[in-house]
Structures are given as structure tokens and as C-alpha cells.
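I am attaching a structure below and will ask some questions about it afterwards.
The values are calculated or read from the model by the stated rules, or taken from the named source; none is laboratory data. Note that this is a predicted model, so its numbers are computed, not measured. Virtual Cβ from ideal backbone geometry, glycine too; neighbours counted across all protein chains shown.
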Amino acid sequence: MRTATNAATGSSEGSRLPSYNGQDLEALANIPRYYRWIVDEFGCELAGSVLEVGAGIGNFSEHLIARTTTLTLVEPDAGLYRRLAERFAGVEKVRLFEGTAEEFGAHQAFDAIVAVNVLEHIRDDRAELAVWGEALRPGGHVLLFVPAGRHLFGTLDAAVGHHRRYSLDGLHSLVRSAGLEVMRIHYFDGPGVIPWFVVGRLLRTRTVSRRGAALYDRVAVPIVRLVESRLRPRYGKNLLCVARRPGPSLPQSGP
């Protein structure tokens, strides 16, 4: 097992995630309100010893630090991993690993595993979920955030390596088939369906607009979050799911 603490090691051979240039990650670097919204929706299940799968360049990771006792970031792409290591150099509670969750997770017992916009990149998503479940302590949680709406699949999805978008029932069944218990699952960001459909299906754009993402984060997210905190949308651009590994709950890992 190739591990590292704030330093790059090993290679990404055998990765389940395809390599790409991270252009969409650059465009989504400045949407802090959106990321905080996701973190808050994961709730109290996001705590203790946490593994983030497919951490990329750490856009979402930095919002996890305050909620965890230890944070392990796993990234199989060598180029993205180098930037991740630079970003979190010297952060004591953060551990880094260049490789896949399967390579790292054996004999681990995390309190929670987080995967934000990752599962859709993996061909055998059921097998990957099963791997994540095995890396949890009994009673631990898998926290998922994935793209929703199969009819929304367009040029943007293809450009960033998505294999699919999910339906609520489909994700629910997938999680259960991987041996996990669904605690809660719901659509997220209802109004976000419109710009994604326009850009990815009508205009057939292949790049995410950094300016557009930042504008949506600044103007729309506070309003949408307020509304959806009171009334869950019947449909949305994404799905958020909190699942549990069966078994008696154990005390969470200490600092």
C-alpha cells in the first residue's frame, strides 16, 4: 500500500478513474457556498475519521477539515494528486494517498467515506460502493453526491468523463445492492437543472464556465438553499445520499 502524508508517492496505475486535465475542477474552484451547502446536508454523519474518494485538487476537501478528526484524501490521477499534495502540505490532520480507494482502503475502519461527483466516473459503480462499504467501521456512513437526471446527460457530462446520471430510485437500488442501508436520499438544486440543460443539451458546450459557476454560487445558491431547506424539490440537478454500513454503531474515532 502506497501511503503519504502531505507528499506525493507512487503512481496511479490500476486506477478506476480515468485521467483528465481537471478543467472542470478549475472552473468549480470558486463556489464555496455550494460546497458548504453539501457539507451541511451531509449532517452529523460527516464526522470522525473521514476518507474522501477522488479528491481532485481539493476544492471540496478544504470544507471537510473542520468537520473531521482525521481526513484522508485519495486521488488516483497523478497530475491532480501533485496539486492536492501541494495544497495540503503541512496540514496535520490531512493524510494523502495517490491511488484508488480499493488500494488504500483495505483493513481501514473509517467513520465516513465522502464521494462528491465521483461515482458517475466509475464504470462498475456497484462494485466500487461495495469497496467503500468494506472500508467503513460497522455503523459508518457513505456520503454520496452525484449528478441526477438521465435526460440531462449531454456534452458537458461526456467532456468530463461521466458514464451516467442517476435517478432517485436507481441510486437507491444501487446503494442497497452494494450492501448498504439508505438512511436518506433526496434531490438537490432543482433550479440548477435549467442551466445544465441549456448549456449541455441545447448549446452543446463542452466546458464549464468559471464565471457562470461563480455567479450561480453568489446569486442563486443562497436563495435556492433557503427554499430547499423548507421544501425538498421533486427533481434536481443532483442527488444527495447518506447510507450506512450495517452493524452495531461503534464510537467514532477520537482526535
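If you check E92, E102, E98, E41, which single one turns out to be acidic (D, E), more than 21 Å from A159 (Cβ to Cβ) and in contact with a Leu (Cβ under 7 Å, 6 or more places away or on another chain)?
Details: E92 fails: in contact with a Leu (Cβ under 7 Å, 6 or more places away or on another chain); E102 fails: in contact with a Leu (Cβ under 7 Å, 6 or more places away or on another chain); E98 fails: in contact with a Leu (Cβ under 7 Å, 6 or more places away or on another chain).
Matching residue, one of E92, E102, E98, E41: E41.
Here's something else I'd like to know. State all residues of segment 77-99 that are of a type outside the set (G, A, S), touching a residue at least 24 places away in the same chain (Cβ under 8 Å), out of contact with any strand residue (DSSP E or B) (no Cβ under 7 Å at 6 or more places or on another chain) and part of a loop (DSSP other than H, G, I, E, B); if no residue qualifies, say none.
In the first step, residues of segment 77-99 are kept if they are of a type outside the set (G, A, S); the result is 77, 80-84, 86-88, 91-98.
Narrowing further to those that are touching a residue at least 24 places away in the same chain (Cβ under 8 Å): 77, 80-84, 87-88, 91, 93-98.
Cutting the leftovers down to out of contact with any strand residue (DSSP E or B) (no Cβ under 7 Å at 6 or more places or on another chain) gives us 77, 80, 82-83, 87, 91.
The answer is D77, V91.
Follow-up question, since we're still on this one. Please list, ordered by first then second residue, the pairs with beta carbon atoms under 6 Å, 6 or more apart or interchain, first in segment 167-188 and more than 17 Å from V131 (Cβ to Cβ), second assigned to a helix (DSSP H, G or I).
What qualifies is V182/H172; V182/V175; I185/H172.
Moving on. Residue check: is S209 over 23 Å from D125 (Cβ atoms) and small (G, A, S)? Before the answer, list the steps.
Values: over 23 Å from D125 (Cβ atoms): yes; small (G, A, S): yes.
Against the criterion (over 23 Å from D125 (Cβ atoms) and small (G, A, S)), S209 qualifies.
Within the group A101, A106, which residue is modelled with pLDDT under 95 and surrounded by 23 or more Cβ atoms within 10 Å (Cβ to Cβ)? Steps first, please.
On the way: A106 fails: surrounded by 23 or more Cβ atoms within 10 Å (Cβ to Cβ).
A101 is the lone residue from the list that is modelled with pLDDT under 95 and surrounded by 23 or more Cβ atoms within 10 Å (Cβ to Cβ).
Right, next: Consider segment 192-248. How many of its residues are basic (K, R) and more than 19 Å from the chain's Cα centre (by Cα)?
The first filter runs over segment 192-248 and keeps only residues basic (K, R), leaving 201, 204, 206, 210-211, 218, 225, 230, 232, 234, 237, 244-245.
Checking the rest, the ones that are also more than 19 Å from the chain's Cα centre (by Cα) come to 201, 204, 206, 210-211, 218, 230, 232, 234.
So the answer is 9.
Determine which member of the set F153, F197 is surrounded by 16 or more Cβ atoms within 10 Å (Cβ to Cβ) and closer than 18 Å to L28 by Cα.
None of the other options fit; the residue is F197.
Sticking with this one: In segment 179-229, which residues are modelled with pLDDT of 95 or more, in contact with a Leu (Cβ under 8 Å, 6 or more places away or on another chain) and aliphatic (A, V, I, L, M)?
Residues satisfying the conditions are L180, I185, V193.
Name the residue, out of D157, D169, that is farther than 26 Å from E102 by Cβ and of a type in the set (D, E, K, R).
On the way: D157 fails: farther than 26 Å from E102 by Cβ.
So the residue among D157, D169 that is farther than 26 Å from E102 by Cβ and of a type in the set (D, E, K, R) is D169.
Of these, A85, A8, A27, which one is in contact with an Asp or Glu (Cβ under 9 Å, 6 or more places away or on another chain) and modelled with pLDDT under 95?
Working: A85 fails: modelled with pLDDT under 95; A27 fails: in contact with an Asp or Glu (Cβ under 9 Å, 6 or more places away or on another chain).
Going through A85, A8, A27 in turn, just one is in contact with an Asp or Glu (Cβ under 9 Å, 6 or more places away or on another chain) and modelled with pLDDT under 95: A8.
Whether any residue in segment 160-167 is surrounded by 13 or more Cβ atoms within 10 Å (Cβ to Cβ), under 18 Å from the mean Cα position of the chain (by Cα) and hydroxyl-bearing (S, T, Y) is what I want to check.
Checked against the condition, which is being surrounded by 13 or more Cβ atoms within 10 Å (Cβ to Cβ), under 18 Å from the mean Cα position of the chain (by Cα) and hydroxyl-bearing (S, T, Y), segment 160-167 yields at least one hit.
Condition check: on the phi > 0 side of the Ramachandran plot and more than 15 Å from the chain's Cα centre (by Cα). Does G79 satisfy that? Don't jump to the end; show me each part of the working.
Working: on the phi > 0 side of the Ramachandran plot: no; more than 15 Å from the chain's Cα centre (by Cα): yes.
Here the answer is no, as G79 does not meet what is asked.
Ok, one more. Select from segment 100-128 the residues that are of a type in the set (V, I, T) and either free of Cβ contacts under 8 Å to residues at least 40 places away in the same chain or touching a Gly at 6+ places or on another chain (Cβ under 7 Å) (or both) and list them in ascending order.
Going through segment 100-128, the residues of a type in the set (V, I, T) turn out to be 100, 113-114, 116, 118, 122.
The answer is T100, V118.
Can V116 be described as more than 26 Å from G247 (Cα to Cα), among the hydrophobic types (A, V, I, L, M, F, W, C) and out of contact with any Lys or Arg (no Cβ under 8 Å at 6 or more places or on another chain)? Quick ask: steps written out before the conclusion?
Working: more than 26 Å from G247 (Cα to Cα): no; among the hydrophobic types (A, V, I, L, M, F, W, C): yes; out of contact with any Lys or Arg (no Cβ under 8 Å at 6 or more places or on another chain): yes.
No.
Okay, moving on. Are there any pairs, at least 6 apart or on different chains, whose C-beta atoms fall under 9 Å, with the first in segment 210-228 and at positive phi and the second surrounded by 13 or more Cβ atoms within 10 Å (Cβ to Cβ) and at pLDDT 95 or above, and if so, which?
Every condition considered, no pair remains.
Of all residues in segment 133-163, count the ones that are in contact with a Leu (Cβ under 8 Å, 6 or more places away or on another chain), of a type in the set (A, V, I, L, M, F, W, C) and not in a loop (DSSP other than H, G, I, E, B).
6
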